[in-house]
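Scroll down for the structure; my scribbles are underneath it.
The values are calculated or read from the model by the stated rules, or taken from the named source; none is laboratory data. As the structure is a prediction and not an experimental result, all values here were calculated from the model. Here the Cβ positions follow ideal geometry from the backbone for every residue, glycine too, while neighbour counts run over all protein chains shown. Ligands, DNA and RNA are excluded from the accessible area calculation, which covers all protein heavy atoms including side chains. Shrake-Rupley method; radii C 1.70, N 1.55, O 1.52, S 1.80 Å.
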Amino acid sequence: MKSRIAGPPDGGYGWVVVMSAFFVMGLTAAVLKNFGLFFLDIQSHFGVPASTTSWVTSTTIAMFHLGAPVASVLTLQFSQRVVIIVGGLLAASGMLLASLDLSLPWLYLTMGILQGLGISLSWIPANSMVSHYFVRWRPIAYAIASSGECIFAVMFSPFFLWLIEMYTWQGTLLIIGGLQLNLCVCGALMRPLATAQSPIQETKGGLEGDATVLVPKRKFIFQCSLLRKPELFLYILFAIFAAAGFFIPPLFLVPLVSSLGVDKYWPALILSVLALADLVGRLICGWIANMRLVRNLQLLTMVVTLLGVVLLLLPTSHNYWAILVCASLYGFLFGCVVAIHITSIVDIVTLEGFDNGLGLFMLFRSIGGFIGPPAAGWLVDNTNDYSSAFYLSGLCLISSAVFVIQVDRLVQRREDVQAEGNRVTIREHWESGKVEYESVAQGFLSE
């Protein structure tokens, strides 16, 4: 008996999935964004240089990216629900064990490896689940879900700082671990769609091609041959350089502002403002990209370049309010980059190769995320100035924009060749049809 494949409901229980994904984003990425609040306390507690302390964050970032292919494989073998629950247990265990404060290498293992892998196993399937439930309203659903990262980051900045004052950084990690156990609840709410066993489809609005269902288990294989595409190879180089610059400012922004001698709650305010600006940037840039005023890669080049310039200017002023303005611009432009840098992969490898292209992109981006913060910490140790970290970040981002320019040129050249080929094919079909018509006409007249 053939079972029908139901298309994405585009609503109904799907909005429960969106809200679950909203909380997943907040309990994973927003926590990672606020790691900078613990930087000075951990550094002074262990009496180590900034470069040594920054390995905690860089290990978390690297595991987050390296775990992306693993999360994809496990999702296909089991389900998003199972993988998110496992990710929640790993993330919570990482924080709970880190609160034991055994040693700095212990933090590398717990806050770094366990927390990073837990974030990856929760974050990737949550995004995947939203796409399963929505087609027509998918952009809106993604916007709502991803906004959890920004909104929770706004709330967590002052909340974590208050917890550090009340319970020390070790107690704060314990409480965060307890909060992250709610990831298991979010995973439990991710109800899978009906499993399909035949190619018969029933979808709404004629969206058969976009219908997403849970198909029988299949192996997840990366098409490493995609790396032969010069466009994707250059885009991966962009990812490495950009990631090296992306994760430096959140880590060193609080220490930079604290070095000005302001009250400790003011640096936390900057992180909250940064998160709000990030949210606005995502929404506005997504809207602009949807209008198709410029190509995605062109828009990405502009915002990445501006982001690098802002980071170069940010530490030049020793005034708190000037830094707050620059941090707001940084957050806005960062949100713009996040809104389009993943979807631009479709322009490079087409929709058919998107899944494999995204996996390769995330895999290699981990290199930049792993190297960037320690390199910035080494500069801070040798210059005794937090400004050097922002100079490095800005230079990395401006350098990454050069690769996007080259990618855009190659993509445009490929599209021009394809368009010319299509014109030639149409002309050949027209001419062959004309000849055939004339031959038929002549035969008819001769009769």
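Miscellaneous remarks
- Qualifying residue in the stretch 286-306 (condition: among the basic types (Lys, Arg), more than 29 Å from Gly116 (Cβ to Cβ) and modelled with pLDDT of 80 or more): yes
- Restricting the stretch 303-328 to residues that are among the aliphatic types (A, V, I, L, M) and under 19 Å from the mean Cα position of the chain (by Cα), the residue that is nearest to Ser400 (Cα to Cα) is Val304.
- Test: residue in the stretch 384-391 that is open to solvent by less than 40 Å² (accessible area, probe 1.4 Å) and modelled with pLDDT under 75: no
- Long-range neighbours under 7 Å by Cβ, at least six apart or interchain, first residue more than 17 Å from Pro125 (Cα to Cα) and open to solvent by less than 60 Å² (accessible area, probe 1.4 Å) within the stretch 347-376, second basic (Lys, Arg) and at pLDDT 80 or above: Val349/Lys229
- Filter result for Ile119 (of a type in the set (A, V, I, L, M) and closer than 19 Å to Phe160 by Cβ): yes
- The stretch 27-56, residues that are in contact with a Pro (Cβ under 7 Å, 6 or more places away or on another chain) and closer than 20 Å to Pro158 by Cβ: Lys33, Gly36, Phe39, Leu40
- Scanning the stretch 172-190 for residues that are open to solvent by less than 20 Å² (accessible area, probe 1.4 Å) and either part of a helix (DSSP H, G or I) or acidic (Asp, Glu) (or both) returns Thr172, Leu173, Ile176, Gly177, Gln180, Leu183, Cys186, Gly187.
- If you go through the stretch 304-317 and keep only what is part of a helix (DSSP H, G or I) and open to solvent by 10 Å² or more (accessible area, probe 1.4 Å), you end up with Thr305, Leu306, Val309, Val310, Leu312, Leu313, Thr316.
- When the test is whether a residue is of a type in the set (A, V, I, L, M, F, W, C), assigned to a helix (DSSP H, G or I) and at pLDDT below 85, Leu395 does not pass it.
- Every condition in (1) modelled with pLDDT under 85; (2) under 15 Å from Gly377 (Cβ atoms); (3) not hydrophobic (A, V, I, L, M, F, W, C) holds for Gln77 except the one numbered (2).
- Of all the residues in the stretch 35-65, those that are of a type outside the set (A, V, I, L, M) and either part of a loop (DSSP other than H, G, I, E, B) or within 18 Å of the chain's Cα centre (by Cα) (or both) number 9.
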